[in-house]
Amino acid sequence: MRQKWGQWAALATALFVIVGCGGEGDSNSILPPPTAPPPPPPAPSASPLFKPELRNLTVSDVERIIAQAVEEARARKTAATIAIVDRAGNVLGVFQMTGASATTTVRAGPAGTNTALQGLAAPATLAAISKAITGAYLSSGGNAFSTRTASMIVQQHFPPSPSTAGLESGPLFGVQFSQLPCSDLVTRFISGGARIGPHRAPLGLAADPGGFPLYKDGFVVGGIGIVADGDYGFDLNILDIDASDEEAIALAASTGFEAPAEIRAERIAVDGATLRFSDIVTSDLIADPAAASFASVNGVFGALVDVTSYFDGATMGGVIAGVAYGAESSGMRAATVTEYANTDMFVLTDGAGNNRYPPTGGTDGAGVPQPLTASEVRTILEEAFTVMTAARAQIRRPLDSRAQVSVSVVDTNGAILGIVRGPDAPIFGTDVSLQKARTASFFSNAIAASDLLATAPPAVPSPNVTKSPASYVADIRNFIPDPSALTGDFAFSDRAGGNLSRPFFPDGEVGTPNGPFSLPISQWSPFATGLQASLIIENILIHITHTLGGGADTPAQCTFLPDIASLGGMQNRLQNGIQIFPGSVPIYRGSVLVGGIGVSGDGIDQDDMISFLGVDRAGERLGAINNALNGIRADRIVISVNGKQVRLRYINCPFSPFVDSDEQNVCQGK
């Protein structure tokens, strides 16, 4: 239920802020001369997927990382807030230097009018945690991405710079609004309890430089986040080199735990542009990391601080050792043979051996004649995983590595019917794949418009007046135009819905209007994206206020869409928000919507292909489910823009996508 604004408005306003065969011969037959025994059968081929080994940050590692950050900050005559997390998202330590500001200001809107998170004075501790989680969650054994990398891939043009206007938006446009504090997938901190990941990021993923992944022996073990300069923003111009104290402090902190050079973002190209890892290099550091000592800085230049719902080490005995990703206790581990025949699959676990999301039948029998069965869900997950295993990765090194992603399947209620992950898939893709699955199912559903129209405006303090979710229904109906839009007539993938969520339509083309699910470019920023942000901004502000001691936390239920009566009124269809970059399709039984599949963790065309072919191949096996029929796919929608006819896109599949096959147009005709 909606938490009353009066319980937290004052604080929020003040804040502003995935044998050989044969049988026995006839005993009377003449035996041939004895021969050497046949060779043994070949050993099973090794998995083509990179699998991380168990590694974790120790207490002394965490203390060393903090000390290295403090010494670099001191050398730069600045005071920083420092946060460290493990790969599962557990916060291992938050250290605030003497004199560090308690808040950092989310960058204001481009025209001075703030909406959603723009202009918010957010707690520095929460911003540092979000930066650390971003470094850890976007990275893997095949790619190392930083918050500067994140900045590059979430803006309105890719790559972002004054000279690239007219290019399409970043490939992970919108990913910043994931891992949300209200998400029903991510887990919550329990003092002294099970440390099950993945965990939430208090402000979502960060695009502000100053967050890096941490590695041991080439395996991701966590992330570091630094807040010091008072600006929680993003890099508008990738063509110049910034002298960022926050990035320098984070780089110094990561000494001894650096990402391997061969997998850093600058070794990875997307759409012809090389990504950026850092504008600071080791030679830019001032302090000597080898001289840093936690004993010499703790209590002298600052101290550990508790952060409600994230870390209590300041009062419970100090920093915490990280959990090794892949161990049962991390919340993500290899599937057992009783769970899936393919033990390359990873599942989410409760820490006691139980798969949190095993294949399950649909909950939507009240509105769907034949809901998805558990067997069908299992087949969809298996087929999508098989496509993934054959696919060439876009963001992983070395070249011709296999893609690794997370795959989620939901029903038309948005209920989770199953989740699997590649063993080294980036963690962020788990929550995002679920967002994508729910988004495709929701916007293809006959109830999408009525649910949005029944959603009250966010109770956001002035001046951050945020556009009501209900108002976007009229916007899309006028834009397409179609007075019955969002009533199930068309099947929307995330690529199609994402087209409608850009501040330019068509994507990137300057001088065109914004899509109906976006804000105009004069108001848009990564902190205010349109409908995506409007749906969850109230959840984020409730959570921020809670961490400041201002009342109950946001429920594990994003958005204030109407609850589903047939499920007891305790669940809505978008429980972890929506996502607006590609990698999902709705699932049908003939012409009847029965759910959605979402994929995230590699290139967006790979994500599209794995979701689309996963459903197609499952349908070939089962003969009972299918992708949307051609006649209702959203690419049948043609919109007039500035005298031109623009067709929405449904999916894009990569050309010649498989490592061991010369197949080319693998999605064509399906």
Exercise. Just name the residue that is farthest from Gly218 (Cα to Cα) out of those in the stretch 246-261 that are surrounded by 15 or more Cβ atoms within 10 Å (Cβ to Cβ) and among the small types (Gly, Ala, Ser).
Key: Ala248
Exercise. State which residue pairs qualify: first residue among the acidic types (Asp, Glu) and inside the stretch 548-567, second residue not in a loop (DSSP other than H, G, I, E, B) in any location, beta carbons under 9 Å apart, and separation of 6 or more residues or different chains.
Key: Asp553/Ile542; Asp553/His543; Asp553/His546; Asp553/Thr547
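Residues checked against (1) among the acidic types (Asp, Glu); (2) modelled with pLDDT under 95:
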| site | (1), (2) |
| --- | --- |
| Leu535 | no, no |
| Gly551 | no, yes |
| Thr559 | no, no |
| Asp563 | yes, no |
| Leu574 | no, no |
| Val585 | no, no |
| Asp608 | yes, no |
Quiz prompt | Scan of the stretch 63-80 for residues that are under 20 Å from Asp245 (Cβ atoms) and either among the basic types (Lys, Arg) or in a strand (DSSP E or B) (or both), ordered by number | solution = Arg74, Arg76, Lys77
Quiz item: When the stretch 456-502 is examined, which residues are found to be in contact with a Phe, Trp or Tyr (Cβ under 8 Å, 6 or more places away or on another chain), surrounded by fewer than 23 Cβ atoms within 10 Å (Cβ to Cβ) and part of a loop (DSSP other than H, G, I, E, B)?
Solution: Ala456, Ala459, Pro461
Quiz prompt | Tally of residues being out of contact with any Pro (no Cβ under 7 Å at 6 or more places or on another chain) and under 25 Å from Val585 (Cβ atoms) across the stretch 454-480 | solution = 3
Practice problem: Tell me, please, whether a residue that is under 16 Å from Val409 (Cβ atoms), aliphatic (A, V, I, L, M) and in a helix (DSSP H, G or I) can be found in the stretch 556-571. | Solution: no
Quiz prompt | Residues that are at negative phi, outside any strand (DSSP E or B) and more than 25 Å from the chain's Cα centre (by Cα), drawn from the stretch 572-601 | solution = Ser591
Self-check item: Residue list for the stretch 638-654, restricted to those being part of a loop (DSSP other than H, G, I, E, B) and either outside the structural domain of Phe490 (by TED's automatic domain parsing) or modelled with pLDDT of 95 or more (or both)
Solution: Leu648, Arg649, Tyr650, Ile651, Asn652, Cys653, Pro654
Exercise. Kindly indicate the residue of the stretch 336-347 that is over 23 Å from the mean Cα position of the chain (by Cα) and not hydrophobic (A, V, I, L, M, F, W, C) and also modelled with the lowest pLDDT among those meeting that condition.
Key: Thr343
Quiz item: Does any residue of the stretch 354-369 turn out to be over 26 Å from Leu54 (Cβ atoms), in contact with a Lys or Arg (Cβ under 6 Å, 6 or more places away or on another chain) and part of a helix (DSSP H, G or I)?
Solution: no
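This table checks each residue for (1) under 21 Å from the mean Cα position of the chain (by Cα); (2) of a type in the set (A, V, I, L, M, F, W, C).
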residue	(1), (2)
Asp288	no, no
Ser296	no, no
Phe301	no, yes
Leu304	no, yes
Asp312	no, no
Thr315	no, no
Ile320	no, yes
Ala334	yes, yes
Thr349	yes, no
Quiz item: List, please: which pairs have Cβ atoms under 7 Å, are six or more places apart or on different chains, and start with a residue in the stretch 229-251 that is outside any loop (DSSP other than H, G, I, E, B) and end with one that is of a type in the set (Phe, Trp, Tyr)?
Solution: Ala250/Phe212; Leu251/Phe212
Quiz prompt | Subset of the stretch 129-150 that is farther than 20 Å from Ile238 by Cα and in contact with a helix residue (DSSP H, G or I) (Cβ under 7 Å, 6 or more places away or on another chain) - its residue that is surrounded by the most Cβ atoms within 10 Å (Cβ to Cβ) | solution = Tyr137
Exercise. Read through the list (1) more than 27 Å from Ala207 (Cβ to Cβ); (2) at pLDDT 95 or above, then give the number of the only condition that Pro39 fails.
Key: (2)
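Identify, from the list Thr343, Thr274, the residue that is of a type outside the set (A, V, I, L, M), more than 24 Å from Val91 (Cα to Cα), in contact with a strand residue (DSSP E or B) (Cβ under 6 Å, 6 or more places away or on another chain) and surrounded by fewer than 18 Cβ atoms within 10 Å (Cβ to Cβ).
On the way: Thr274 fails: in contact with a strand residue (DSSP E or B) (Cβ under 6 Å, 6 or more places away or on another chain).
Answer to the check: Thr343.
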Quiz prompt | Of residues in the stretch 539-554 being outside any loop (DSSP other than H, G, I, E, B) and of a type in the set (Val, Ile, Thr), the one surrounded by the most Cβ atoms within 10 Å (Cβ to Cβ) | solution = Ile540
Quiz prompt | Members of the stretch 393-435 found to be more than 12 Å from Asp602 (Cβ to Cβ), touching a helix residue (DSSP H, G or I) at 6+ places or on another chain (Cβ under 9 Å) and in a loop (DSSP other than H, G, I, E, B), listed by number | solution = Arg397, Pro398, Asp411, Thr412, Asn413, Gly414, Ala415, Ile427
Practice problem: Go through the residues of the stretch 262-270 one by one and say whether even a single one is at pLDDT below 95 and either part of a helix (DSSP H, G or I) or surrounded by 15 or more Cβ atoms within 10 Å (Cβ to Cβ) (or both). | Solution: yes
Self-check item: Residues located in the stretch 157-185, provided they are within 11 Å of the chain's Cα centre (by Cα), under 30 Å from Asp306 (Cα atoms) and hydrophobic (A, V, I, L, M, F, W, C)
Solution: Val175, Phe177, Leu180
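This table checks each residue for (1) under 28 Å from Gly362 (Cβ atoms); (2) crowded, with 21+ Cβ neighbours inside 10 Å.
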site: Ile597; (1), (2): yes, yes
site: Asp602; (1), (2): yes, yes
site: Asp605; (1), (2): no, yes
site: Leu622; (1), (2): yes, no
site: Ile625; (1), (2): yes, yes
site: Val638; (1), (2): no, no
site: Gly643; (1), (2): no, no
site: Leu648; (1), (2): yes, yes
site: Ile651; (1), (2): yes, yes
Quiz prompt | Long-range neighbours under 6 Å by Cβ, at least six apart or interchain, first residue among the small types (Gly, Ala, Ser) within the stretch 280-295, second at pLDDT 95 or above | solution = Ala287/Glu71; Ala287/Glu72; Ala287/Ala75; Ala292/Ala67; Ala292/Gln68; Ala292/Glu71; Ser293/Ala67
Practice problem: Mind listing whichever residues of the stretch 436-450 are assigned to a helix (DSSP H, G or I) and in contact with a strand residue (DSSP E or B) (Cβ under 7 Å, 6 or more places away or on another chain)? | Solution: Lys436, Ala437, Arg438, Thr439, Ala440, Ser441
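Quick grid of which residues meet (1) out of contact with any strand residue (DSSP E or B) (no Cβ under 8 Å at 6 or more places or on another chain); (2) among the hydrophobic types (A, V, I, L, M, F, W, C); (3) under 21 Å from Gly112 (Cβ atoms); (4) in a helix (DSSP H, G or I):
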{"residue": "Pro516", "(1), (2), (3), (4)": "yes, no, no, no"}
{"residue": "Gln523", "(1), (2), (3), (4)": "yes, no, yes, no"}
{"residue": "Ser534", "(1), (2), (3), (4)": "yes, no, yes, yes"}
{"residue": "Ile537", "(1), (2), (3), (4)": "yes, yes, yes, yes"}
Quiz item: In the stretch 626-637, which residue that is in contact with a Lys or Arg (Cβ under 9 Å, 6 or more places away or on another chain) and assigned to a loop (DSSP other than H, G, I, E, B) is farthest from Leu593 (Cα to Cα)?
Solution: Ile637
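The values are calculated or read from the model by the stated rules, or taken from the named source; none is laboratory data. In this text the structure is predicted, and so the values were computed from the model without any measurement. Reconstructed Cβ throughout: ideal geometry from the backbone, glycine too, with neighbour counts over all protein chains shown.
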